[in-house]
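The values are calculated or read from the model by the stated rules, or taken from the named source; none is laboratory data. Just so it is clear, the structure is predicted and the values come from calculations on it, not from any experiment. Cβ placement follows ideal geometry from the backbone for every residue including glycine, while neighbour counts extend to all protein chains displayed.
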Amino acid sequence: MSDEVQRAVAALREGGLIGLPTETVYGLGADASNELAVRRIFAVKGRPSNHPLIVHVASLEVARHWAHSWPNEAEILANAFWPGPLTLIVKRSALASDAVTGGQDTVGLRVPDHPLALEVLTLFGGGVAAPSANRFGRVSPTTAKHVRDELGGDVELVLDGGACRVGVESTIVDVSGTSPRILRPGGVPKEAVERSLDRDVPLATAVTDVRAPGLLESHYAPRAGLWLVTASELPAELARRLATGAKVAVVAPSDVTVPEGVVRFQVPLDDAGYARALYATLREVDERGLDVVLAVPPPESGVGLAVVDRLRRASAPRGR
C-alpha cells in the first residue's frame with residue numbers, strides 16, 4: 001500500500017475531499033457516511049443538493065450493506081460487470097443518507113475497475129461518494145491534471161492514476177422497481193446489459209421518477225458552443241460558421257474529410273476509442289480558445305450510445 005493511498009484514506013476519514021481515479025472519469029471523493037463531507041462535494045462542484053451521488057465501494061459484499069433489498073437482477077449484473085463501469089440503483093439502506101441520495105429512497109452503487117480506486121476503497125472500508133471531479137455541468141476530467149486545473153486547492157489530494165481507459169461515465173441501471181431500465185448509457189453497452197439479463201432493457205428517454213447523475217438536458221458542456229452534424233452536413237455547416245468569423249473546430253473520426261486549414265481534432269473510428277478521447281478533446285477545445293466545435297458523432301451502438309448522449313447534452317441550450 002503506497003504512502004499516497006494511505007494519505008488519501010486519512011483525508012477521507014478526516015472529512016476531506018480527494019481526486020479519485022477510476023476507469024470512467026476522475027471522481028471527487030468523500031466519505032459517503034459523513035454528511036458534512038458529502039455537503040462539501042456539492043459546495044465545491046456547485047451542484048444542486050437534490051442531485052444524488054454514486055457511492056463507490058470495494059466489493060459486492062460491501063455494496064449489499066448500502067441496499068435495503070438486493071434484487072436478482074442486481075446480483076446478475078454485479079457479478080457480470082463489477083468491478084466495472086456499471087452503477088446499480090437499488091432501494092437504500094439506513095447507511096445511505098438523504099445527502100447522498102438527494103432525498104430519494106434509492107441509492108446508486110458501483111465497484112470501480114481501477115487499481116488505485118480499489119486500493120483506497122479496500123483500505124477505507126466504507127463507501128466513497130464520488131461524482132465527477134469538475135464544476136457542475138462542465139466537461140468531466142479524465143486525467144489528474146484536469147482535476148488539479150479545475151478544482152485546485154478545493155481538494156486535499158489528487159491521486160494520479162493515469163488517463164481513464166473508458167473515458168465516459170458508468171452506465172446506470174435502475175433495478176429498484178418491477179423492471180430494470182437504463183437511466184444513463186455509459187461504459188457498459190446496453191447490448192451487454194441485455195445479454196446478461198436475457199431480456200430487453202429499455203433506455204429511459206424522458207424524466208423518470210428516479211433522479212440519477214448526468215441526466216440534465218444540458219451537461220458535460222465545454223465553454224465553446226457545440227453542435228452535432230453528420231459527415232454529409234459538415235461542409236455546409238462549417239462554411240456557414242467560418243463565414244461569421246468564429247474560431248471553429250471539427251471533432252470527427254479519421255474517416256471524415258475535413259478541409260485543409262480547419263482546426264481538427266481527430267478521434268478514433270471505434271466507439272470505445274471515441275469515448276476515451278471525448279472529454280480530453282473537449283477540454284483542449286476550450287484551452288485553445290475556440291468559439292464553436294462541430295462534432296461528427298459515432299453510431300449509436302455499443303459505447304457509441306454513451307458518446308452520443310454526452311454530445312447531445314453538451315450541445316443543449318445552457319442554463320437549464
Extreme residue, nearest to the chain's Cα centre (by Cα), among residues of the range 253-288 that are touching a residue at least 40 places away in the same chain (Cβ under 8 Å) and more than 18 Å from PRO141 (Cα to Cα) = PRO253
Of those in the range 43-59 that are of a type in the set (A, V, I, L, M, F, W, C) and under 12 Å from ASP154 (Cα atoms), the residue surrounded by the fewest Cβ atoms within 10 Å (Cβ to Cβ) is ALA43
Scan LEU294, LEU305 and give me the residue that is modelled with pLDDT of 95 or more and over 21 Å from LEU238 (Cα atoms).
-> LEU305
Taking the range 11-38 as the region of interest, how many residues are surrounded by fewer than 19 Cβ atoms within 10 Å (Cβ to Cβ), within 19 Å of THR122 (Cβ to Cβ) and of a type in the set (D, E, K, R)?
-> 2
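Taking the range 136-178 only, how many residues are farther than 18 Å from GLY27 by Cα and at pLDDT below 95? Give the derivation first.
Of the residues in the range 136-178, the ones farther than 18 Å from GLY27 by Cα are 173-178.
Retained after the next criterion (residues that are at pLDDT below 95): 177-178.
Of the residues in that region, 2 qualify.
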What's the number of the condition TRP66 fails, among (1) over 18 Å from the mean Cα position of the chain (by Cα); (2) surrounded by fewer than 22 Cβ atoms within 10 Å (Cβ to Cβ); (3) hydrophobic (A, V, I, L, M, F, W, C)?
-> (2)
By my count, strands (runs of 3 or more DSSP E) wholly in the range 1-108 with at least 3 residues that are β-branched (Val, Ile, Thr) and at negative phi are 86-91
In this structure, does LYS91 turn out to be charged (D, E, K, R) and over 28 Å from ARG138 (Cα atoms)?
-> yes
